[in-house]
Amino acid sequence: MAYDQENIFAKILRGEIPCNKVYEDDHALAFHDINPQAPVHVLVIPKGEYVSMMDFTANAPADLMAGFMRAIGETARELELEENGYRILANAGEHAHQDVPHLHIHILGGKPLGPMLDRKFKGA
Ligand code: 5GP
């Protein structure tokens, strides 16, 4: 899938749309999700044109991959989530309901988050 320069996170990176910033460095930007699903819900995006985790892990240079991972950790520290813990997830593609086609990691925390996925799943 080709990268869409007009996706909402590309606009946030270019400063065309505001965000509530938590952390920024050369490799990444972190900001609060507009529709939080936990007391703390922050998105971390790489500074580069990558549609998804598939695209990023196949095509991003090593320094950006390392910097992006470090930025996720820095953001969690900035949010003071280390003591009680937090969850990170990335939706990739159709089955995961990825809505915005610029790679983003969700950081969720601020309360006990419950099971990771629907416990009713009993196999295929
Ligand atoms: P996805 O479903 O693609 O993994 O998650 C996209 C996330 O982006 C959603 O949680 C949604 O609330 C968030 N989001 C969508 N548009 C905006 C926006 O303009 N600003 C911010 N801060 N978050 C957004």
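The values are calculated or read from the model by the stated rules, or taken from the named source; none is laboratory data. Keep in mind that what you see is a predicted model, and the values were worked out from it rather than measured. Positions of Cβ are backbone-derived with ideal geometry, glycine not excepted, and every protein chain shown enters the neighbour counts.
Among Met69, Met65, which is the only one that is in contact with a Ser or Thr (Cβ under 8 Å, 6 or more places away or on another chain), part of a helix (DSSP H, G or I), away from the ligand (no atom under 14 Å from the Cβ) and among the aliphatic types (A, V, I, L, M)?
Met65
For the range 49-64, what are the residues that are over 13 Å from the mean Cα position of the chain (by Cα) and either of a type in the set (A, V, I, L, M) or crowded, with 20+ Cβ neighbours inside 10 Å (or both)?
Scanning the range 49-64 gives Met54, Ala58, Ala60, Ala62, Leu64.
In the range 95-112, what residues are out of contact with any Leu (no Cβ under 8 Å at 6 or more places or on another chain), away from the ligand (no atom under 11 Å from the Cβ) and either at pLDDT 95 or above or of a type in the set (Asp, Glu) (or both)?
If the condition is that a residue be out of contact with any Leu (no Cβ under 8 Å at 6 or more places or on another chain), away from the ligand (no atom under 11 Å from the Cβ) and either at pLDDT 95 or above or of a type in the set (Asp, Glu) (or both), then Lys111, Pro112 are the ones that fit.
Those residues that are under 9 Å from the mean Cα position of the chain (by Cα) and either part of a strand (DSSP E or B) or within 15 Å of Asn35 (Cβ to Cβ) (or both), I need them from the range 95-114; list them, please.
Passing the criteria: His104, Ile105, His106, Ile107.
I need every pair where a residue in the range 17-33 that is closer than 13 Å to Glu78 by Cβ and within 10 Å of the ligand (Cβ to nearest atom) has its Cβ under 8 Å from the Cβ of a residue that is in a loop (DSSP other than H, G, I, E, B) and modelled with pLDDT of 95 or more, sequence separation at least 6 or different chains.
Phe31/Cys19; Phe31/Asn20; His32/Cys19; His32/Asn20
Just to verify a result, which residue in the range 34-46, among those that are touching a strand residue (DSSP E or B) at 6+ places or on another chain (Cβ under 6 Å) and away from the ligand (no atom under 11 Å from the Cβ), is nearest to Glu80 (Cα to Cα)?
Across the range 34-46, the extreme among qualifying residues is Val40.
Give the range 81-94 a look and list any residue that's in a loop (DSSP other than H, G, I, E, B) and either within 12 Å of the ligand (Cβ to nearest atom) or in contact (Cβ under 8 Å) with a residue 60 or more places away in the chain (or both), or say none.
Correct list: Ala90, Asn91, Ala92, Gly93, Glu94.
Going residue by residue through the range 4-12, is there one that turns out to be modelled with pLDDT under 95, at negative phi and exposed (fewer than 11 other Cβ atoms within 10 Å of the Cβ)?
Initially, the range 4-12 is screened for residues modelled with pLDDT under 95, giving none.
No, there is no match, as no residue in the range 4-12 is modelled with pLDDT under 95, at negative phi and exposed (fewer than 11 other Cβ atoms within 10 Å of the Cβ).
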